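The values are calculated or read from the model by the stated rules, or taken from the named source; none is laboratory data. Everything quoted here is computed from the prediction, not taken from an experiment. Positions of Cβ are backbone-derived with ideal geometry, glycine not excepted, and every protein chain shown enters the neighbour counts. What goes into the accessible areas is simple: the full protein's heavy atoms, side chains included, and nothing from ligands, DNA or RNA. Shrake-Rupley method; radii C 1.70, N 1.55, O 1.52, S 1.80 Å.
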Amino acid sequence: MKILGIESSCDECAAALVENGKTILSSVVATQIPFHAVYKGVVPEIASRIHTEWIAKVVQESLAKADLGMEDIDGLAVVNRPGLIGSLLVGLNFAKAFSWARGLPYIAVDHMLAHLYAARLVEELEYPYLGLLVSGGHSIICLVKDFDTIDVLGASIDDAVGEAFDKVAKHYGFGYPGGLVIDKLAEKGDSEVFTFSMPNLYKGDHRYDLSYSGLKNAVCNHLEKYRTKEGPASAENIAASFRRTAIDILLRAVMRAVEDTGIKTLVAGGGVAANSLLRRRLAENPDLKVVFPPLELCGDNAAMVAALGYHYLARGERSPLDEVASARVTRFRRQLAR
Ligand code: KG4
Ligand code: ZN
C-alpha cells in the first residue's frame, strides 16, 4: 500500500510517499525558513500563503522522485492538528480534493503522533515504550501503547521546550531558527558560566510535567545580573548555559518516568530531538535503550505522516470530506505512571 503523506502544519511544506508504513520511496521538505527569518519567527499569514503556492509542486516532486504516478497511490494521510490553522487548512484541503478527485481514501492524523511514529521508520520497536515528544509547540512525556494510543504522563504547563529555544534566540538576535542556532553556539560555550534554577514541579500530579517560561524569562531578563556576578555574557556562554538547563529539565522528568514505570525503551521525536546535548546525555544511560529518528525525520516531514496514516487506512479508517483542522493537539488520556 503506497501512501502519499502531506504536512503543512507550520513552516515546512512537505510531501512523501511511503510503502506499507515502512519504506520511504520519497520525502520532499520545502522549508520556508528564509521567508520567516527576516521576522525572527514564523508569520502565520505568510506561511499559509506560501503553502498554497507550493503544495502542488511539492506533491509533484515527491511523485517524480519516487518515479510514481497518481495512479500508483493507494491512499493519503495528512496532518490536521495541531499547528497554524491557515497552514493546516492548505494541506488538509489539498488532500481532500486529491482524494475526492481520484476516489482514494484519506486519513487526517495528529502531528505529534506522527513525530512519535518517525523512529519506527528506522527501527523495529515493540509496544509499550516511553515517548519524549519535543517540538516548537509541545513537550510531552508519554507511555506509548500503540500507533494511535498514548497516555500522557507529563507535559509542559507553559512554553514548549522548542519555543523557549526560539524565544531566547530571538531575544538575543542569535538567528533563526533558534533551536539549531543555540545548539551550534552552545557547542563552543561554557555551560557552567550561568546558573538558572530548575522549575519545582515534581509533586503529585505534576511529577513528570515540565515548565520553560521561568527559564526563558531568567535567560532573557536577568542577564545583567549574571554578567557582573558570574562571568562573560558571550553568545556562546548564554547559549550553553541555557541549553544545559533546558535539557536538564527534560532529563529529570524523563528519568523519573523511566524509574517509575520500569520501562527501559525511550523513543524521541520532534524538532528538539535533533538537539546534540539531549542526544549525548540520553546515550549516557547504559540501561536505557534510546531511539532517536535520524535528523531528517526529527523536524517536520511528511514521511512520518504517511507512515502513521498507513496504519489507520490499513484497518479501514477514513476521514470524511468535512473533516476540520484544529490548532490544538488531540486530548490524549492523562495518566500518571504510579
Ligand atoms: O517538530 P518541529 O520541526 O516543528 C514543530 O512541530 O514545532 O520543531 C521545531 C522546533 C523549533 O522550536 C526549533 O527551534 C527546534 O525544534 N529545534 C531544536 C533543534 N533543531 C530544531 N531545538 C534544539 N536543538 C536543536 N538542534
Ligand atoms: Zn513538528
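Matching residues to (1) within 16 Å of ligand 2 (Cβ to nearest atom); (2) in contact (Cβ under 8 Å) with a residue 12 or more places away in the chain; (3) open to solvent by 40 Å² or more (accessible area, probe 1.4 Å):
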position: LEU88; (1), (2), (3): yes, yes, no
position: GLU124; (1), (2), (3): no, no, yes
position: GLY136; (1), (2), (3): yes, yes, yes
position: ILE140; (1), (2), (3): yes, yes, no
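So the check is Cβ under 8 Å with 6+ separation or different chains; which pairs have a first residue in region 60-81 that's closer than 13 Å to PHE98 by Cβ and a second one that's open to solvent by 60 Å² or more (accessible area, probe 1.4 Å)? Correct list of pairs: LEU63/MET70; MET70/ARG102; ILE73/ARG102; ASP74/MET1; GLY75/MET1.
Table: residues versus (1) closer than 24 Å to SER27 by Cα; (2) within 14 Å of ligand 1 (Cβ to nearest atom); (3) charged (D, E, K, R); (4) surrounded by fewer than 23 Cβ atoms within 10 Å (Cβ to Cβ).
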position: PRO232; (1), (2), (3), (4): no, no, no, yes
position: PHE242; (1), (2), (3), (4): no, yes, no, no
position: ARG256; (1), (2), (3), (4): no, no, yes, yes
position: GLY262; (1), (2), (3), (4): no, no, no, yes
position: SER276; (1), (2), (3), (4): yes, yes, no, yes
position: GLU284; (1), (2), (3), (4): no, no, yes, yes
position: CYS298; (1), (2), (3), (4): yes, yes, no, no
position: GLY309; (1), (2), (3), (4): yes, no, no, no
position: ARG334; (1), (2), (3), (4): no, no, yes, yes
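Only one residue in HIS138, HIS111 is within 16 Å of ligand 1 (Cβ to nearest atom), modelled with pLDDT of 95 or more and either under 15 Å from ALA306 (Cα atoms) or touching a Cys at 6+ places or on another chain (Cβ under 7 Å) (or both), so which one is that? Even if it seems obvious, please write down each step before you answer.
Working: HIS138 fails: either under 15 Å from ALA306 (Cα atoms) or touching a Cys at 6+ places or on another chain (Cβ under 7 Å) (or both).
Only one candidate passes the filter, namely HIS111.
Helices (runs of 4 or more DSSP H) fully within region 253-338 that include at least 2 residues being over 30 Å from GLU187 (Cβ atoms) and in contact (Cβ under 8 Å) with a residue 24 or more places away in the chain: 303-314.
Annotation: of all residues in region 311-331 being open to solvent by less than 40 Å² (accessible area, probe 1.4 Å) and within 16 Å of ligand 2 (Cβ to nearest atom), the one that is nearest to TYR117 (Cα to Cα) is VAL329.
Of the residues making up region 62-81, those that are open to solvent by 10 Å² or more (accessible area, probe 1.4 Å) and either in a helix (DSSP H, G or I) or within 16 Å of ligand 2 (Cβ to nearest atom) (or both) are LEU63, ALA64, LYS65, ALA66, MET70, GLU71, ASP72, ASN80, ARG81.
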